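The values are calculated or read from the model by the stated rules, or taken from the named source; none is laboratory data. Bear in mind that the values here come from a model prediction, so they are computed numbers and not experimental data. Please note: Cβ atoms are built from the backbone with ideal geometry, for glycine as well, and neighbour counts cover all protein chains shown.
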Amino acid sequence: MNLSDLNKVALAMVTPGKGILAADESSGTIKKRFDAIKVESTEESRRDYREMLFRSSEAMSKYISGVILYDETIWQTARDGTPLINLIEASGAIPGIKVDEGTQALPRCPGELVTAGLDRLAERLKKYHERGARFAKWRAVIDISSDIPSMTAIHVNAHALARYAALCQAAQIVPIVEPEVLMDGDHDIDRCYEVTQHVLNTTFEELRIQRVALEGMILKPNMAIAGKKSAKQAPIEEVAEKTIRLLKACVPAAVPGIAFLSGGQSDEAATAHLNAMNRSSGLPWRLTFSYGRALQAAPQKAWSGKPENVAAGQRAFTHRARMNALASKGEWETGLEKKAA
Ligand code: 13P
């Protein structure tokens, strides 16, 4: 492992004024997104859609530091035969790859999940590196209700995240460590804070035990935020203040950057929260976005599977990428949204 090179890639992923496009939806998840815009999900439609994003030259070159791909996409070629990964590299963004294989039921823990994909991971990482991937992603999922998460779910997921991260670094790939506490429930922000604190502390303990070099990784956490079904939604400033407090308590300063997931927040809320956090000074790590839905919902709708809408889809993507890029510097204002493309 060459730590200084891993650290350089990690820092480039959180370049000030840029963030990560999470375009790594599994075939099942992208089908759900396409169903919502009435587009049939085929290998070709998925390719066309992602090609549209990667050919958004302004967004990709100015606002996007890296793109997380799904296995299908990393091997796909554009309509003109250019490998999609080359389009990303040509824009100056770094290609990355989702390497977890989704979740499975966790035995004896009703309603809880553990992420799979460690088997043969070392071989797969080698192939992805040869193809050009310089970072990877593994997502663990922790759900909140009155009686979960269990210690078991937190522990096994943290252990798998650290196993994955150590294997990535051995393959000269920067791991994005993503322990996602879901915002699906009716819990309030303080319950999310408490659970996320436990999850992050356990994750960093496992990373330490498994000798993961913190300088060569990126953390992708949820924010401290109330569940979607909670009647008590916290204001923007409270989400920002509690998320910063939580991260300061749990995330060592050696970690170069934190790139948040959007987790089902509205596009504008995800931007506003990131922006509010980046108004604070003296943070030990760079804070940016690694959004899936909050970057793609608008372009998906504008595109709706029609070739004649490609330019509109690219405009919508560029707008959201720019808004989040500004938020990564604390320079976003709600008035800028009105001037949408
Ligand atoms: P969302 O921003 O839609 O939560 O997706 C980010 C991601 O990569 C989830 O694993």
Selected residue (only one of 273, 319 is at negative phi, within 16 Å of the ligand (Cβ to nearest atom) and not charged (D, E, K, R)): 273
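Being more than 16 Å from the ligand (Cβ to nearest atom) and surrounded by fewer than 24 Cβ atoms within 10 Å (Cβ to Cβ) narrows it down to one residue among 297, 254; which is it?
254
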Residue count for region 16-37, restricted to those that are without any contact (Cβ under 8 Å) to a residue 60 or more places away in the chain and under 16 Å from the mean Cα position of the chain (by Cα): 2
Matching strands (runs of 3 or more DSSP E) fully within region 58-135 where at least 2 residues are crowded, with 17+ Cβ neighbours inside 10 Å: 64-69, 94-98, 113-115
Long-range neighbours under 7 Å by Cβ, at least six apart or interchain, first residue within 15 Å of residue 181 (Cβ to Cβ) within region 224-237, second of a type in the set (S, T, N, Q) and surrounded by 14 or more Cβ atoms within 10 Å (Cβ to Cβ): 224/196; 224/243; 226/233
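If I filter region 11-27 for residues that are of a type in the set (Gly, Ala, Ser), under 23 Å from residue 256 (Cβ atoms), away from the ligand (no atom under 16 Å from the Cβ) and touching a helix residue (DSSP H, G or I) at 6+ places or on another chain (Cβ under 9 Å), do I get at least one hit? Full working, then the answer.
Going through region 11-27, the residues of a type in the set (Gly, Ala, Ser) turn out to be 12, 17, 19, 22-23, 26-27.
Checking the rest, the ones that are also under 23 Å from residue 256 (Cβ atoms) come to 12, 17, 19, 22-23.
Still in the list and also away from the ligand (no atom under 16 Å from the Cβ): 12, 17.
In the following step, the residues that additionally are touching a helix residue (DSSP H, G or I) at 6+ places or on another chain (Cβ under 9 Å) were identified as 17.
So far as region 11-27 goes, yes, one or more of its residues are of a type in the set (Gly, Ala, Ser), under 23 Å from residue 256 (Cβ atoms), away from the ligand (no atom under 16 Å from the Cβ) and touching a helix residue (DSSP H, G or I) at 6+ places or on another chain (Cβ under 9 Å).
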Selected residue (criterion: surrounded by the most Cβ atoms within 10 Å (Cβ to Cβ)) from residues of region 180-208 that are closer than 17 Å to residue 138 by Cβ and of a type in the set (Val, Ile, Thr): 181
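Tell me the helices (runs of 4 or more DSSP H) entirely within region 254-341 that contain at least 3 residues that are within 26 Å of residue 97 (Cα to Cα) and in contact (Cβ under 8 Å) with a residue 60 or more places away in the chain. Walk me through it before giving the result.
Values: elements: 267-277, 293-303, 310-327, 335-338.
Those helices (runs of 4 or more DSSP H) span 293-303, 310-327.
Could you go through region 157-171 and let me know if any residue there is under 21 Å from residue 210 (Cβ atoms) and part of a strand (DSSP E or B).
Filtering region 157-171 for residues under 21 Å from residue 210 (Cβ atoms) gives 157-171.
From what's left, part of a strand (DSSP E or B): none.
Looking through region 157-171, none of the residues is under 21 Å from residue 210 (Cβ atoms) and part of a strand (DSSP E or B).
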Flag if residue 196 is within 16 Å of the ligand (Cβ to nearest atom), at pLDDT 95 or above and among the polar types (S, T, N, Q): yes
